[in-house]
Each structure stands twice: as C-alpha cells, then as structure tokens.
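Have a look at the structure below, then the notes.
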Amino acid sequence: MYSDDAGLIEEIMRLKEKRKAILLVHNYQLGEVQDIADYTGDSLELSRIASQTDSRVIVFCGVHFMAETASILCPDKTVLLPDINAGCPMADMINAGGLRALMKEYPNAPAIAYVNTSAEVKAEAFICCTSTNAVRVAESVDSPEVIFVPDKYLAHYTSSCVKKKFIIWDGYCPTHIKIIPEDILRERALHPQAEVMVHPECTPAVAALADRVVSTGGMCKFAKESSAKEFIIGTEIGMLHRLRKENPDKKFYPASELAICPNMKRINLEKVLWSLQDMKNEIKVPEEIRLKAKSSVDRMLAVK
C-alpha cells in the first residue's frame, strides 16, 4: 500500500490529526518509531505527559504496563498499544496475590511498586516509583522499612542510597542482566576517555563499575550537560538512538549488543498505522482496580 516509510509516516500523521491522537514513545523503541513521536521519554516522563494531555487518543509505543498506567491516569481517553503482545517479563514476575502475601508477612512495611508492574499490583501497593525517582519515593515513605517489588536490582541500588530496611522481591529485567562486568571492562579498555552510565536495573557488580547509575531520562540529561565526548551506555540499546540524535557531536557505545528487549522492538511504523486505522488494542483498566492503582501513581507523581 505504501511504497516507502515516507508514505507510511504521512498517513500516520494524517490519521493522528483526524483522531486527535498523541504518540508517546519509550526510549527503548525502534529508531523509526522514536522519530515520529510527539514525546519520547522514560516511564516517569511519559506518565506525566499522559496525565496532562488533552488529546482524545493516546498511542503508547512501549509495553503493556505503560499503556495501563496511561489508562489509570486518563480513564476518559482511548489508550492504544500498537502490539497487544508487547509485555514485560519483569512485570510478569509478580502478581497481586504475591504482593498481598508479602504485605501480610510484613504488615508494618508500606509497599513500593516499580511502575514495571500490572495495574492489579499497583492497586495493592502504597506508592509507585520509576527508576528516575525510586530514591526520592523511598525517602518519602514514612516508615523505617519498606517492601519493594519486583526488581531486586533497582531495590538494591535504592537501598544503598536510603537508610531504611528493604524487603525485596526476587524479580529482575532479563535484558539488563545480559550486561555483565566484563562488558564494562572491555568497553573501558576500548574507550578509556568515555564516561560509563548504567541503568539501576543492572546488577550491583555492573553498577559498581559505572561513573553514573541513572534512568534513561537521567542519561539524556547527563549526556547533554557533561563535558565528556564519549559515553558507554549500559541499558537497552534503543537508548542510543535518542542519545546520538540529541548529541550529534558526541559518541555513544553500547555496553553490550545483547541488551535488546524483544518486547520493546515489537512495535514498528506499520503497527502504529494499523492502530490508528482500526482503533484496536485498546488498554482499559477496570474502574475498581484503576481507582486503587491511581492512588499509588498519584502519590508517586506528588513526590518532587
């Protein structure tokens, strides 16, 4: 139907205007999808934009829990996920029943749920967090101990910055654990002048070798502000597209070419177009769960 990407993009833009839609794209998406975004960002950035937009339709190019978060914040809008099978293995590592059991075991510990969780899990938690604000969120909780689910590595990093007892769920990101210390050491040897930035979903051994442990949003900010001209990036490789685009005078090297999230790569231009054409793959959180989950997300968004 379309002879090239230009034709595809033209039709996407026409339909986006017709549907009064906004295109939110996570930093790990394919470059072709990032390039047509209204906003590209990490979970926190996109959550805030979703809560503030006056568009009628939100096309969320990310994974299922992100579209759910948009639905939680925007019940009056249509939230579309261009590939309904774009899930998150980490989010699947915990369910509401598992969190309830842990809360029963530790009744005095408020539960912090990483946004990489289902709406049902968010509905059980006291507050949500992202990798950007996990430390601030943990500090904001008025308790000497907290439950943290599901990512044990983000929890480990956060607990090293906050003087509280952490009860930690045994979950992890299958993509970030592919980055190993030997990768950082190899890239440092190849690029001795480069700053090393890694995501807090990486293992503690990898984080210990980094110059900065930051979210993808933090990586963008530091890359712009730093006087360094070279960077080694320890996160999903889709991040390098945005970093290179925003900093054409600087060089970015992946810590590992293996750090690819297959779920984040499911969405392409054709699927964005089909989503707008057919208005299908709507993500709608049931109202009872939505209201409970929204309390957790709202507490997170209130943390400065």
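The values are calculated or read from the model by the stated rules, or taken from the named source; none is laboratory data. Predicted model only: the values in this text are computed from it and were never measured. Reconstructed Cβ throughout: ideal geometry from the backbone, glycine too, with neighbour counts over all protein chains shown.
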Original post:
Within the stretch 1-17, restricting attention to residues that are in a helix (DSSP H, G or I) and at pLDDT below 90, which residue is surrounded by the fewest Cβ atoms within 10 Å (Cβ to Cβ)?
Top reply: Ala6
Original post:
Out of all the residues in the stretch 35-71, which are aromatic (Phe, Trp, Tyr) and either part of a loop (DSSP other than H, G, I, E, B) or crowded, with 18+ Cβ neighbours inside 10 Å (or both)?
Top reply: Phe60, Phe65
Subject >> Residues of the stretch 202-236 classified as touching an Asp or Glu at 6+ places or on another chain (Cβ under 6 Å) and crowded, with 20+ Cβ neighbours inside 10 Å, total >> reply: 4
Subject >> Pair list, Cβ < 7 Å and 6+ apart or interchain, from the stretch 248-275 residues that are of a type in the set (A, V, I, L, M) to residues that are assigned to a strand (DSSP E or B) >> reply: Ala255/Val198; Ala255/Ile232; Ala255/Ile233; Ala255/Gly234; Met264/His26; Ile267/Cys61; Val272/Val59; Val272/Cys61
Subject >> Residue selected from the stretch 104-141 under the condition out of contact with any Lys or Arg (no Cβ under 7 Å at 6 or more places or on another chain), farther than 25 Å from Gly217 by Cβ and charged (D, E, K, R), by the criterion surrounded by the fewest Cβ atoms within 10 Å (Cβ to Cβ) >> reply: Lys104
**OP:** Kindly indicate whether Asn95 is within 24 Å of Asp278 (Cβ to Cβ) and surrounded by fewer than 17 Cβ atoms within 10 Å (Cβ to Cβ).
**Re:** no
Original post:
Scanning the stretch 147-157 for residues that are more than 17 Å from Val297 (Cα to Cα) and not acidic (Asp, Glu), which turns out surrounded by the most Cβ atoms within 10 Å (Cβ to Cβ)?
Top reply: Leu154
Original post:
What helices (runs of 4 or more DSSP H), lying completely within the stretch 207-304, carry at least 2 residues that are within 19 Å of the chain's Cα centre (by Cα)?
Top reply: 216-225, 239-246, 287-302
Original post:
Out of (1) over 12 Å from the mean Cα position of the chain (by Cα); (2) under 24 Å from Glu287 (Cβ atoms); (3) not aliphatic (A, V, I, L, M), what's the single condition that is false for Asn108?
Top reply: (2)
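Quick grid of which residues meet (1) in contact (Cβ under 8 Å) with a residue 60 or more places away in the chain; (2) touching a Lys or Arg at 6+ places or on another chain (Cβ under 8 Å); (3) more than 12 Å from Val213 (Cα to Cα); (4) outside the structural domain of Phe231 (by TED's automatic domain parsing):
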residue	(1), (2), (3), (4)
Ile168	no, yes, yes, yes
Ile180	yes, no, yes, no
Glu187	yes, no, yes, no
Glu195	no, yes, no, no
Glu201	yes, no, no, no
